[in-house]
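Below: one structure, written as structure tokens.
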Amino acid sequence: ENPNSGEYPESTMIVVKDLKDFKVYLNVIEKLERLLNRKGYDKYIQVASFHPNYMFANTKTDSEENWTNRTPYPTIHLLREIDVTRAVESYNNGNTDNIWKTNIKTMRELGNEKIIDINNEIINEATNFL
């Protein structure tokens, strides 16, 4: 089976509402990536991780840049590698170097208080569906 065929979704998001502990979550992500590697799927599937308590190395808990990978609920995003490659190639002639910088700048401009307000709105709306 070829995961790049049209019969598989380009993207799958898995929300794991009860995986609240960030260290446990990172362990799950690490195990998932090892499994994909061991099975040879790492050349087809890319894992993006998002968590309410996401924290980049060498940042403080309240650093706005952490919000670029924070979500109201722990989320594992599986993307087909071929689609990620196509998206990168089609964006600004493949020059994606500024995307993360722009994201961080946007988070800093919004500030923690506004981001937390938006996040809480999402959580309030989501409780109707989860």
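The values are calculated or read from the model by the stated rules, or taken from the named source; none is laboratory data. Note that the structure is predicted; figures quoted are calculated from it, not measured. Neighbour counts run over all protein chains shown; Cβ positions are idealised from the backbone, glycine included. Remember, those area values only see protein heavy atoms, side chains included, never the ligands or the DNA or RNA. Shrake-Rupley method; radii C 1.70, N 1.55, O 1.52, S 1.80 Å.
Which one of the conditions (1) free of Cβ contacts under 8 Å to residues at least 40 places away in the same chain; (2) open to solvent by less than 40 Å² (accessible area, probe 1.4 Å) does Asn93 fail to meet, given that it meets all the rest?
Here Asn93 clears every test but (2).
Being among the acidic types (Asp, Glu), at pLDDT 95 or above and under 30 Å from Phe129 (Cβ atoms) is true for just one of Glu33, Glu10. Which residue is that?
Selected residue: Glu33, the only one of Glu33, Glu10 that is among the acidic types (Asp, Glu), at pLDDT 95 or above and under 30 Å from Phe129 (Cβ atoms).
Identify, by number, the condition in (1) touching a residue at least 60 places away in the same chain (Cβ under 8 Å); (2) closer than 23 Å to Lys114 by Cα; (3) open to solvent by 70 Å² or more (accessible area, probe 1.4 Å) that Val15 doesn't meet.
Among (1) touching a residue at least 60 places away in the same chain (Cβ under 8 Å); (2) closer than 23 Å to Lys114 by Cα; (3) open to solvent by 70 Å² or more (accessible area, probe 1.4 Å), Val15 violates only (2).
Condition first: farther than 28 Å from Asp117 by Cα and open to solvent by 40 Å² or more (accessible area, probe 1.4 Å). Can you find one or more residues in segment 48-62 that meet it?
Scanning segment 48-62 turns up no residue that is farther than 28 Å from Asp117 by Cα and open to solvent by 40 Å² or more (accessible area, probe 1.4 Å).
Just to be sure I understand the filter: pairs with C-beta atoms under 7 Å, separated by 6 or more residues or on different chains, first member in segment 100-122 and in contact (Cβ under 8 Å) with a residue 40 or more places away in the chain and under 16 Å from Asn53 (Cα atoms), second member outside any helix (DSSP H, G or I) and open to solvent by less than 80 Å² (accessible area, probe 1.4 Å). Which pairs pass?
Partner pairs satisfying both residue conditions: Asn119/Pro72; Ile122/Pro72.
So if I check each of Ile122, Ile116, which one is modelled with pLDDT of 90 or more and either in a helix (DSSP H, G or I) or closer than 14 Å to Tyr73 by Cα (or both)?
After applying the criteria, what remains is Ile116.
Name the single residue, out of those in segment 107-129 being under 19 Å from the mean Cα position of the chain (by Cα) and either under 15 Å from Val15 (Cα atoms) or aromatic (Phe, Trp, Tyr) (or both), that is least open to solvent (accessible area, probe 1.4 Å).
For segment 107-129, the residue satisfying everything is Ala126.
Going by what's in this entry, would Asn27 be described as part of a helix (DSSP H, G or I) and open to solvent by 90 Å² or more (accessible area, probe 1.4 Å)?
When the stated conditions are applied, Asn27 does not pass them.
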